[in-house]
Amino acid sequence: MMKILKYSMLAVIMAAVLPTSASAKGVVLPKGYLFGFIANFTDSVVYFTDVQEVDSIWYDNSSHFLLGRDIYANQLRNHFTENMKMPHRTCIVSFGLSRKDAEKKLVKMRKLYTDKKKGNYEVRNLNENQFRFSTVNMEESIEAPMTKAEKEAAKEARKKAEQKAKAAKKEAKKARKEAEKAEKEAAQARKEAREAAKEARKQSAKARKAQKDMPGQRPLDPNLPPAEVEMRE
């Protein structure tokens, strides 16, 4: 289970961080819609926040990327560390320019963890009364325009990230198949054990009946195992 969760989370993280190149073309939008995903490789419990309306978000028109996403993720991580006493969480923030767009992304991501065919995860919700994103001012943090070499490096990094995400998805599928196979083998072993125990009881009852039907023989102890019953005979 943990192996499956690890690969599934890696695929989600890769998908979330691919378009991370920010430029100086950031603009402030009146509002945006964010939600968070929180998990840990050591257990199967995952959290989702509600879609929240956040004022004055910084948005990169060229990359269509939410600026300061790592800061929003840190807000979530700090909440789990300080208020929920759950450190070392992996926190991912996704957003949409409209509530409908953000909710569509949330439904799609939740489905990865509520589909029992993909693993048994416990999905918990974090509402706005429990956690609330705070507006991030990126006015002094906008990055300078990327050079040609930096763009090429970013392109190569995205390519490698896509390859890793694809490999992680493949490993997750393989891990699920191995888990299903192990469960089938365990079920078969339990079935064979029950059948063996049933047959042993049947043979023991048969031996006791045969002993009872033989005149002059001391009745067998009903608690004797089948092997000892045969020796008595």
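The values are calculated or read from the model by the stated rules, or taken from the named source; none is laboratory data. The structure presented is a predicted model; accordingly, all values stated were derived computationally and were not measured. Cβ placement follows ideal geometry from the backbone for every residue including glycine, while neighbour counts extend to all protein chains displayed. Only protein heavy atoms, including side chains, enter the accessible area calculation; ligands, DNA and RNA are left aside. Shrake-Rupley method; radii C 1.70, N 1.55, O 1.52, S 1.80 Å.
Evaluate the following for SER44: is it at pLDDT below 95, touching a Ser or Thr at 6+ places or on another chain (Cβ under 8 Å) and polar (S, T, N, Q)?
No: the conditions fail for SER44.
If I go through the range 23-50 residue by residue, how many of them are open to solvent by less than 10 Å² (accessible area, probe 1.4 Å) and closer than 30 Å to GLY119 by Cα?
Qualifying residue count for the region: 9.
When you scan the range 71-101, how many residues do you find that are open to solvent by less than 70 Å² (accessible area, probe 1.4 Å), more than 21 Å from ASN137 (Cα to Cα) and not β-branched (Val, Ile, Thr)?
6
So which of ASN125, ASN129 is under 30 Å from GLY32 (Cα atoms) and surrounded by fewer than 10 Cβ atoms within 10 Å (Cβ to Cβ)?
Exactly one residue qualifies, and that residue is ASN129.
Of (1) in contact with a helix residue (DSSP H, G or I) (Cβ under 6 Å, 6 or more places away or on another chain); (2) without any contact (Cβ under 8 Å) to a residue 12 or more places away in the chain; (3) closer than 30 Å to GLU183 by Cβ; (4) not small (Gly, Ala, Ser), PRO87 satisfies all except one. Which?
(3)
Go through (1) open to solvent by 70 Å² or more (accessible area, probe 1.4 Å); (2) more than 30 Å from LYS31 (Cβ to Cβ); (3) without any contact (Cβ under 8 Å) to a residue 40 or more places away in the chain and name the single condition ALA207 misses.
(1)
Out of (1) without any contact (Cβ under 8 Å) to a residue 24 or more places away in the chain; (2) farther than 24 Å from LEU29 by Cβ, what's the single condition that is false for ASP70?
It fails just one condition, (2).
Which residues, counting only those in the range 75-117, are among the polar types (S, T, N, Q) and in a helix (DSSP H, G or I)?
Within the range 75-117, GLN75, ASN78, THR81, ASN83, THR114 meet the criteria.
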